[in-house]
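Novice: Supplied in structure tokens, the structure appears directly below.
The values are calculated or read from the model by the stated rules, or taken from the named source; none is laboratory data. All values reported here derive from a predicted model rather than from experimental measurement. Here the Cβ positions follow ideal geometry from the backbone for every residue, glycine too, while neighbour counts run over all protein chains shown. For accessibility, only protein heavy atoms count, side chains too; no ligands or nucleic acids. Shrake-Rupley method; radii C 1.70, N 1.55, O 1.52, S 1.80 Å.
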Amino acid sequence: MTLLELKDVSVHYGRIEAIHNISFAVEEGEIVSLIGANGAGKTTTMRTISGLLNPSSGSIRFEDDDITKLKAHLRVVLGISQAPEGRGIFPGMTVHENLDMGTFGLKTRANVDESFERVYTLFPRLAERKKQFGGTMSGGEQQMLAIGRALMSRPRVLLLDEPSMGLAPQFIKQIFSIITEINEQGTTILLVEQNANQALARAHRAFVLETGEITRSGTGRELLNDPAVKEAYLGVG
Ligand code: ATP
């Protein structure tokens, strides 16, 4: 079943067109990766799906709803949740309080408790540091906190923008294996990454964005073996 679908979506910053006529779909249960160089339009695409930016043309569907004009907080209630690039955690709040900020839209205490349990089980490190201020955590821990917070609303689709950015190698491995685990628990994932190797290896399907347009698509494996992708994004020619 198609969960999320973008059709001919373009987004402008003033007169600058950042993405041009992008169309793709995410099926329920998939990990879909968007790869591309700096400035290709990956973050713009994610922020458009989460409702922080408005498309200048095109449409976005989530299940049976046209959400093109829906406000961001209502998209969270429908089941779209984003862990933003650069993490965006609240440094002066504890880990627990940061996670609690993600429970927006959950109606019952039982749902909130269940979310805390899921996140603390996925990230034992966060459970150990419940009372620590977000700002005093390491980069890798803050990334876990940002993903954990996005999971608190029990999303149907989780949008992850550069989860491996700036992390030490041992954290990168850990973050990607947690992403697979979250997906295996039933959450659909749209992943934006510059670490193309890992992003493609983990993806069911993937797209390449170049200067605001989708130029290639295929299964993760197909793109991993695509000579042009290898040369441009995987550091082998
Ligand atoms: P990065 O990996 O660097 O985040 P990206 O693929 O996510 O890159 P975007 O951040 O989506 O790319 O940017 C796409 C294009 O839009 C770039 O040319 C960028 O310079 C431009 N752009 C992004 N944000 C703005 C803004 N607030 N105002 C004007 N132009 C912008």
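Novice: Answer with yes or no whether LEU151 is touching a residue at least 24 places away in the same chain (Cβ under 8 Å), crowded, with 20+ Cβ neighbours inside 10 Å, within 16 Å of the ligand (Cβ to nearest atom) and among the aliphatic types (A, V, I, L, M).
Specialist: no
Novice: Kindly evaluate PRO84 against the criterion of being closer than 21 Å to ILE175 by Cα, away from the ligand (no atom under 13 Å from the Cβ) and either under 19 Å from the mean Cα position of the chain (by Cα) or at pLDDT below 95 (or both).
Specialist: no
Novice: Hey, any hits in region 41-62 for a residue that's part of a loop (DSSP other than H, G, I, E, B), touching a Leu at 6+ places or on another chain (Cβ under 9 Å) and more than 16 Å from the ligand (Cβ to nearest atom)?
Specialist: No, region 41-62 contains no residue that is part of a loop (DSSP other than H, G, I, E, B), touching a Leu at 6+ places or on another chain (Cβ under 9 Å) and more than 16 Å from the ligand (Cβ to nearest atom).
Novice: Among the numbered conditions (1) in contact (Cβ under 8 Å) with a residue 40 or more places away in the chain; (2) in contact with a helix residue (DSSP H, G or I) (Cβ under 9 Å, 6 or more places away or on another chain), tell me where ASN197 comes up short.
Specialist: Looking at each condition in turn, ASN197 falls short on (1).
Novice: Looking for whichever is outside any helix (DSSP H, G or I), open to solvent by 10 Å² or more (accessible area, probe 1.4 Å), among the acidic types (Asp, Glu) and more than 14 Å from the ligand (Cβ to nearest atom) here; the options are GLU5, GLU17. Which one fits?
Specialist: GLU5
Novice: What tally of residues in region 157-185 results from selecting those that are assigned to a helix (DSSP H, G or I), hydroxyl-bearing (Ser, Thr, Tyr) and touching a residue at least 24 places away in the same chain (Cβ under 8 Å)?
Specialist: Residues meeting the conditions: 1.
Novice: Determine, yes or no, whether PHE24 is aromatic (Phe, Trp, Tyr), within 16 Å of the ligand (Cβ to nearest atom), surrounded by fewer than 21 Cβ atoms within 10 Å (Cβ to Cβ) and over 15 Å from SER153 (Cβ atoms).
Specialist: yes
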